[in-house]
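A short worksheet on the structure shown next.
The values are calculated or read from the model by the stated rules, or taken from the named source; none is laboratory data. Note that the coordinates shown come from a computational prediction; the quantities given were computed from them, not determined experimentally. As a convention, Cβ positions derive from the backbone with ideal geometry for all residues, glycine included, and neighbour counts pool all protein chains shown. Just the protein is used for accessible areas: all its heavy atoms, side chains included, with ligands, DNA and RNA removed. Shrake-Rupley method; radii C 1.70, N 1.55, O 1.52, S 1.80 Å.
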Amino acid sequence: MSFGLLFFLSAFFLSWGLTAYLTRFAIQQHLMDAPNHRSLHTQPTPIIGGVAMLISLVLNVLLAGLWMPDLFVVITHQFWVPLLLIAGISYLDDRRSMSAGLRLLVHIIAAVWLLSDWQIWIQCISLPMFAIILPSFLKFFISVFFIVWMINLYNFMDGMDGFAGGMAVIGFGTLAVLGSLVGAHEFVLLNSLIVAVSLGFLMLNFPPAKVFMGDTGSSSLGYLAALMSLWGASWGLYPVWIAVLIFSPFIVDASVTLIRRFLNAEKIWQAHKTHYYQRLVQLGWGHRKTVLWQYGLMLACSASAIVAVFVTPFWQSMILISWCVIYVLLAWQVQKLEQANA
């Protein structure tokens, strides 16, 4: 426990310090994200935070592996290579804007690489009251789709100060709690380190943000969210729907917005300002109020997920149904606010 806390603090302070240093460097080198008509920010802002987070995470995982050798038994090249592929193409996109098709291809290659030798595939569509066993080819296809979608939706949702970092702290923190309930030490440590580097970045990203994580950070966090969700499910820590519930503030907003834009014949790969959280900011809530309400939503989802692992399938179903109703009501409320301000 003491060593785990030591690595947590090391990851936190290194991430915070590196973020501050690289922020100054980015300003000097003019590595800035200039605002445009699709942006919520109004001032040029460095987009280097994700690099600091990744450096801190990698260094502390390597150091932790010296103390906990079983960690390296679990996270072999199947873990590292996809992360580096995703971070690499995302960094290039931050610097010079890569094509959406090329980014998607790299994401698919990374997902296939991860799953090719690491048997963390989604085995069934499992809900509290029933489960549908999937044929082998669908297990792999759905697992690849889940990883690619998580990478991209996390990127889509990184458009407000403190938002993506806060989801990482709460989401991965909840996964760490679930792992600790059954003594999955490697799982707990890795999730805790992701929390630590995200919290260090958040020290400079909470509204008003001094730095953004960029695609390098958001896409990497999306990959890690998918990986940890599948890893925990494959170890029997929880069914996949529990992980989906934890990250549902991102999953629901991104998915519903994408479907709505597709039905409206819009170019779904282009940046926009029509996510529900973006609409709240534009309604006058601002970054701080919106992100604090979103933190409340994230915490409620995480608390429900933890409760769900202890209750019967009937009450798990009630939790799921309740959240479906809550999200419908939240979407309706945003639309109602827009109509009132029209």
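I'm checking my understanding of the structure. Among residues of segment 298-310 that are surrounded by 19 or more Cβ atoms within 10 Å (Cβ to Cβ) and not polar (S, T, N, Q), which one is nearest to the chain's Cα centre (by Cα)?
Taking the candidates together, the pick is MET298.
Residues are listed down the side, and each one gets a yes or a no for (1) touching a helix residue (DSSP H, G or I) at 6+ places or on another chain (Cβ under 7 Å); (2) of a type outside the set (S, T, N, Q):
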position	(1), (2)
HIS107	yes, yes
SER116	no, no
ILE120	yes, yes
MET129	yes, yes
PHE137	no, yes
VAL144	yes, yes
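Among the residues of segment 185-203, write down those that are more than 17 Å from the chain's Cα centre (by Cα) and crowded, with 21+ Cβ neighbours inside 10 Å. Can you show your working first?
Within segment 185-203, the first condition is being more than 17 Å from the chain's Cα centre (by Cα), and the residues that meet it are 185-186, 189, 203.
Residue satisfying the conditions is LEU189 alone.
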Examine segment 274-294 for a residue that is touching an Asp or Glu at 6+ places or on another chain (Cβ under 7 Å), open to solvent by 40 Å² or more (accessible area, probe 1.4 Å) and of a type in the set (Ser, Thr, Tyr), and state whether such a residue exists. yes
In this structure, is SER218 touching a residue at least 60 places away in the same chain (Cβ under 8 Å), open to solvent by less than 50 Å² (accessible area, probe 1.4 Å), among the small types (Gly, Ala, Ser) and over 30 Å from TRP269 (Cα atoms)? no
Out of the residues in segment 80-128 that are over 30 Å from MET318 (Cα atoms) and of a type in the set (Ser, Thr, Tyr), state the one that is modelled with the lowest pLDDT. SER97
Any idea which of (1) modelled with pLDDT under 95; (2) within 30 Å of THR274 (Cβ to Cβ) is the one GLN29 doesn't satisfy? (2)
Of the residues ILE170, ILE132, ILE147, which is in contact with a strand residue (DSSP E or B) (Cβ under 8 Å, 6 or more places away or on another chain) and either part of a strand (DSSP E or B) or touching a residue at least 12 places away in the same chain (Cβ under 8 Å) (or both)? ILE132
Per the list (1) among the hydroxyl-bearing types (Ser, Thr, Tyr); (2) open to solvent by 10 Å² or more (accessible area, probe 1.4 Å); (3) under 19 Å from ILE120 (Cα atoms), residue check on SER255 breaks on (3)
Which residues, counting only those in segment 258-292, are part of a helix (DSSP H, G or I), of a type in the set (A, V, I, L, M, F, W, C) and more than 21 Å from VAL244 (Cβ to Cβ)? LEU263, LEU280, VAL281, LEU283, TRP285, VAL291, LEU292
Among the residues that make up segment 224-233, is at least one of them out of contact with any Gly (no Cβ under 8 Å at 6 or more places or on another chain), at pLDDT 95 or above and over 23 Å from ALA131 (Cα atoms)? yes
Residue check for SER322: open to solvent by 50 Å² or more (accessible area, probe 1.4 Å), among the small types (Gly, Ala, Ser), at pLDDT 95 or above and over 23 Å from LEU104 (Cβ atoms): yes
If a residue has to be open to solvent by less than 30 Å² (accessible area, probe 1.4 Å), closer than 21 Å to PHE141 by Cβ and not aliphatic (A, V, I, L, M) to count, how many in segment 233-246 make the cut? 1
Could you grab me the full set of residues in segment 17-58 that are part of a helix (DSSP H, G or I), within 19 Å of ALA164 (Cα to Cα) and under 19 Å from the mean Cα position of the chain (by Cα)? THR19, GLY49, GLY50, VAL51, ALA52, MET53, LEU54, ILE55, SER56, LEU57
Taking the options ILE86, ILE47, name whichever one is within 21 Å of ILE151 (Cα to Cα) and in contact with an Asp or Glu (Cβ under 8 Å, 6 or more places away or on another chain). ILE47
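Collect the residues in segment 217-243 that are in a helix (DSSP H, G or I) and more than 12 Å from the chain's Cα centre (by Cα), keeping them in residue-number order.
We begin by selecting, within segment 217-243, every residue in a helix (DSSP H, G or I); these are 217-234, 240-243.
Hits for segment 217-243 are LEU230, TRP231, GLY232, ALA233, SER234, VAL240, TRP241, ILE242.
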Got a sec? Which of LEU153, LEU115 is assigned to a helix (DSSP H, G or I), open to solvent by less than 20 Å² (accessible area, probe 1.4 Å) and over 17 Å from LEU83 (Cβ atoms)? LEU153
Of all residues in segment 9-59, count the ones that are touching a strand residue (DSSP E or B) at 6+ places or on another chain (Cβ under 7 Å), of a type in the set (Gly, Ala, Ser) and open to solvent by 20 Å² or more (accessible area, probe 1.4 Å). 0
How many residues, within segment 154-184, are at pLDDT 95 or above and within 9 Å of the chain's Cα centre (by Cα)? 7
